[in-house]
Structure formats: C-alpha cells, structure tokens
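Q: Once you've had a glance at the structure underneath, I'll fire off some questions.
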Amino acid sequence: MLLFALGFLLVILQPSTGQFPRVCANVQSLLSKECCPPWDGDGSPCGELSSRGSCQNILLSQAPLGPQFPFSGVDDREDWPSVFYNRTCRCEGNFMGFNCGECKFGFSGLNCTERQVKTRRNIFQLTASEKNKFLAYLNLAKSIPSQDYVIATGTYAQMNNGSNPMFRDINVYDLFVWMHYYASRDTLLGGSNVWRDIDFAHEAPGFLPWHRVFLLMWERQIQRITGDENFTIPYWDWRDAEDCEVCNDEYMGGRHPTNPNLLSPASIFSSWQVICTRSEEYNSQQALCSATSEGPIRRNPGNNDKSRTPRLPSSADVEFCLSLTQYESGPMDKMANYSFRNTLEGFADPQTAISNPAQSGLHNALHIYMNGSMSQVQGSANDPIFVLHHAFVDSIFERWLRRHRPMLEVYPAANAPIGHNRENYMVPFIPLYRNGEFFKPSRELGYDYEYLQESALQSFQDFLTPYLQEARQIWAWLVGAAVFGGIITAVLTGLVRACRKKKGGTSSEIQPLLIESEDYNNISYQSNF
C-alpha cells in the first residue's frame, strides 16, 4: 500500500534533476545545440516572462588543464556540455533547474525566497518507521521511470552529430548509477583503443564537490517522487567499525546463506539488478553503457585483499586527515602528497598523507572492503550502501571546511586534471554546476549533519585547532622572543634611569601628577599587538 501511494504521487510531482533533459533529447535541440525548455508556469523558455531566467550562451572556462589528458576533441565530455548544447537556461536569483523551474539548494517557497536547512542523520539513530521508509523510498526509486531525464546510449559521433538521437528511458535510481558511470568511464579513441587516465568525478580536486552535488540531486529526486519534502539521506559513520554494520537484512541486506557473494533473499535489495558494470566490454565495442540489466548486486564484505585494505578506517585516520591544511597539492591527482582531498579519497596514507595508490584508505577503503559491485568505480553506485557511505564522506569534507574556513581561491582555478578546475562545469549534470560553487559550507546549500550539531563547543574547538597547531609550531620562537624582549627592556630601563640621575632635570615638585582634561582629549592611544 505504501509503495502504491508513493507511486501515485508521481503523477502530480515533476522530478527535474539529472542528465539529458527529455525535452532536449531530440534532433532539433541537438542540431541547434540549444536546451532552453519552457517553464510550465508561464510557457516561456527558462521562465523568462516571470524573470526566472533566460536562454544564454554557455560561458566555458579558458583556464589551462593538467597534463593527464593529452587529447582534444575526442571525448564528448570535454568542455561540458558544449558538444551537445552551447545554449542553456541561465537562472536568476534563487531559481535553478534546466528550465529555471526549481529553487536552488537551500531555498523553497513559491518565489524561492525561504531559506531552509535540513538535517542528515545517522542511519542507526532512525526509528524503525523512519528506517523502513528510507528502504521503501530506495525501492520505489528503482522501479519508477524518470519523467524528466533520459540517458545517452551512444556518443555524439554515433548519433551522427545529432541527426540520429540515441537516448533511452531509465528509472530514477539507475539514472544516478548511470551518471556516476558516465563521469568516470574511459575515453573511447576508436578501434579498440581507450584512454583510462581520465575521470571527471574522482582522483582530482572535484571529487568532493562532485559527489556533494550528486547527493543533493539524489536527495531532491527522492523528495519529489515521494512527496516527502523533509527527506534527507542518512549516513553510516564507519569510523572504528569492525565489520559492515549495515550489512544485515534489517538495513542494507545480509549475506546469502549459500553464496557469500550475493545478498540474502530476505533483503529487498537481493532482487535488484545492476547496470554499467562491464567496462571492458563497452570499451572493446566502443560503446556506452545502455543501462541493461547485468545481474544481481554482489557484495562480500571483509573478504577483500587485505594487503591493499587491511581494515576499515579509524577515528585517528579521520582526525589526521582533518588536520591537513592544504585542500590540494602538486599534480592534483592521485599522486598528490599532503592533500586533504587525496587523503580523504584514499590514495594517500591516512597516517602520513603521502601518496600510495597501492593502498586504499578512508573513502577508497570502504569501496574495496565491500568486495563486490561497490568495489568497481564505474558501477559502484549500484549498491545502495553507496549513498550512506558518501554522505559520511561528505560530512568529513564539511568538517574540514568548518575547521579551516578556506576562501574560494583555495580551490584550484587552473592546471587540474580535465574537468576539475574551479570554473569547469561538472560532467554530466544539466542544469550546469561549477566545481567551485560547492566548495562552501553545507548550511549554505540547505543541509547539515546531526553529529555536527551536537556540540557547539566541538565546532569552536574545530575552529581553533589550526591556530593552536600553528602556535605550537612557533612556541619555541615565541618564548625566545619574550626572553630577548625582557633583556632589552631591562637594559633600556637601566640606561634611562642612569641618564635621569646624570641629567638631574626638572624637580619632581613641579612635574604634573595628572593630565589636565583638555590635554587628555588631545592624546591618541595606539595599541600594538
């Protein structure tokens, strides 16, 4: 009955976040390279008559890229989304969406003027009813077709440069699986050739902002298809966990009794089919994932390669990572040292921050530990644990932002791997989002984390920590300076007294003991710290 009621809501609710807008997946839009659909509220493109937005040329970043991708004009994702569209809706004020029909993240109301902050909670703090509702929402998303978006099943060249559109329908959950695949897939170079050292969502500065947008969009989709505007993604706090605490039938599915690589038949997720997991097959065929079913979710937590991932991350790992002051460094890829992003992503040692791609720490450790669908990058979002995991990774990103309070300029403007510069648009999102737009505190985007609200004192301590660390580093210098200053002061005092005695100046009886009020007002005091 619950699923029936939720399904009925789809008739009246219009989800509108994702990849290729259905209304732009046609010959006319592709040949004209324009995606400026009308807003239903007034019938004008981008809601222009209501001052919501207007159809504008896309402004692409001209900043230089890093050396990791030595090609140009061979991948549809270069200068996203210009291969498909070079004119889209540019929304005004707090409006957002491919037709400016939505509110920006963190705003609501008829005119998107009402600020809101929702709280993401620990999945183990949900009541039984709340937890069951979350599981039902996941299952609903897996069964309901996306009303506003379709996926591409061929490259732009395979579409004959737009004259032969190749798109297909997809359910809401798999839309996000496909987007994660599309952002991280290899470049098809023709024949049997591919370029693997490319990823628009991982191994570079955009890793954290990209997944932040991904979760916000996914959250909004669930809110819309269910009508539950208060829904937020729960997180799994995996610090110091000895095993996969959510891997049971009460939560995300237990182990199959006879096949340890599959999920228990008692779990609703045991019937789910995965998509976009056969990257080598797509590469050999020079084809894109078409979202056809490729078998059940696979998961065998803990039976992974221990030489690569010996354990789940610890609290100490997280705290060390948070202490790193640089967001990005060096080549800005998986070889970066002392980079907060690279350490949190898991390519650098969580105890030294030195790059070591042969080991998997923090974020990567969870993926490898699951030993199944979640362990292969392109198809990892097939396992619903993905959203719980990435919500907690995002909370660590949020802690770092609150502790170090970086300016936007801290996010690299140039020379990052392709797609990861500050002003680059994120692949494959339409409406368009720039990496730098999400390098800011979560409350400005309309959400917070339950465990980050629990103690104002902790927030204050997080703020003070970097300053205390700096003070500790220069403590010896400060003590030395104080001693030296004391010696100089003593010497000067002695000299002054000696001079006074020698000079025998004005008698103390005629020296003013107090400053007259009119002179007092003319004296300015300056404090030098």
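The values are calculated or read from the model by the stated rules, or taken from the named source; none is laboratory data. Everything numeric here is computed off the predicted structure, so don't read it as measured data. We place every Cβ from the backbone using ideal geometry, glycine too, and count neighbours over all the protein chains shown. What goes into the accessible areas is simple: the full protein's heavy atoms, side chains included, and nothing from ligands, DNA or RNA. Shrake-Rupley method; radii C 1.70, N 1.55, O 1.52, S 1.80 Å.
Q: Within segment 110-126, track down each residue that is more than 19 Å from the chain's Cα centre (by Cα), of a type outside the set (S, T, N, Q), at pLDDT 95 or above and farther than 27 Å from Cys247 by Cβ. Don't jump to the end; show me each part of the working.
A: Taking segment 110-126 first, the residues more than 19 Å from the chain's Cα centre (by Cα) are 110-116, 123-126.
Narrowing the set further to residues that are of a type outside the set (S, T, N, Q) leaves 110, 112, 114-115, 123-124, 126.
Still in the running and at pLDDT 95 or above: 112, 114-115, 123-124, 126.
Of everything in segment 110-126, those that are more than 19 Å from the chain's Cα centre (by Cα), of a type outside the set (S, T, N, Q), at pLDDT 95 or above and farther than 27 Å from Cys247 by Cβ turn out to be Cys112, Glu114, Arg115.
Q: Further question: Among what's in segment 383-426 and is part of a helix (DSSP H, G or I) and of a type in the set (Phe, Trp, Tyr), pick the residue that is nearest to the chain's Cα centre (by Cα).
A: Taking segment 383-426 first, the residues part of a helix (DSSP H, G or I) are 385-404, 408-410.
From what is left, the residues that are of a type in the set (Phe, Trp, Tyr) are 386, 392, 397, 400.
Details: Phe386: 13, Phe392: 11, Phe397: 8, Trp400: 13 Å.
Only one residue fits best here, namely Phe397.
Q: Within segment 263-276, track down each residue that is in contact (Cβ under 8 Å) with a residue 24 or more places away in the chain, crowded, with 20+ Cβ neighbours inside 10 Å and either out of contact with any Asp or Glu (no Cβ under 6 Å at 6 or more places or on another chain) or among the polar types (S, T, N, Q) (or both).
A: Listed by number, the residues that qualify are Leu263, Phe269, Trp272, Cys276.
Q: Residues that are surrounded by 23 or more Cβ atoms within 10 Å (Cβ to Cβ) and free of Cβ contacts under 8 Å to residues at least 24 places away in the same chain: does segment 348-356 have at least one?
A: Scanning segment 348-356, I find at least one residue that is surrounded by 23 or more Cβ atoms within 10 Å (Cβ to Cβ) and free of Cβ contacts under 8 Å to residues at least 24 places away in the same chain, so the answer is yes.
Q: Return yes when Phe320 is in contact with a Lys or Arg (Cβ under 9 Å, 6 or more places away or on another chain) and farther than 22 Å from Arg121 by Cα and no when it is not.
A: no
Q: Just checking, which of Leu188, Leu140 is buried (at least 21 other Cβ atoms within 10 Å of the Cβ) and over 25 Å from the mean Cα position of the chain (by Cα)? It would help to see each step written out before you state the result.
A: On the way: Leu140 fails: over 25 Å from the mean Cα position of the chain (by Cα).
Answer to the selection: Leu188.
Q: State which residue is most open to solvent (accessible area, probe 1.4 Å) when the search covers only segment 90-109 and only residues that are within 22 Å of the chain's Cα centre (by Cα) and among the charged types (D, E, K, R).
A: Out of the qualifying residues, it is Lys104.
Q: A follow-up question, please. So, in segment 395-414, of the ones that are in contact with a Pro (Cβ under 7 Å, 6 or more places away or on another chain) and within 20 Å of Leu59 (Cβ to Cβ), which residue ends up least open to solvent (accessible area, probe 1.4 Å)?
A: Ranking the candidates gives Tyr411 first.
Q: Among the listed residues Glu345, Glu328, identify the single one that is charged (D, E, K, R), at pLDDT 95 or above and open to solvent by 10 Å² or more (accessible area, probe 1.4 Å). Talk me through it step by step, then tell me what you get.
A: Details: Glu345 fails: open to solvent by 10 Å² or more (accessible area, probe 1.4 Å).
Checking each option against the conditions leaves just Glu328.
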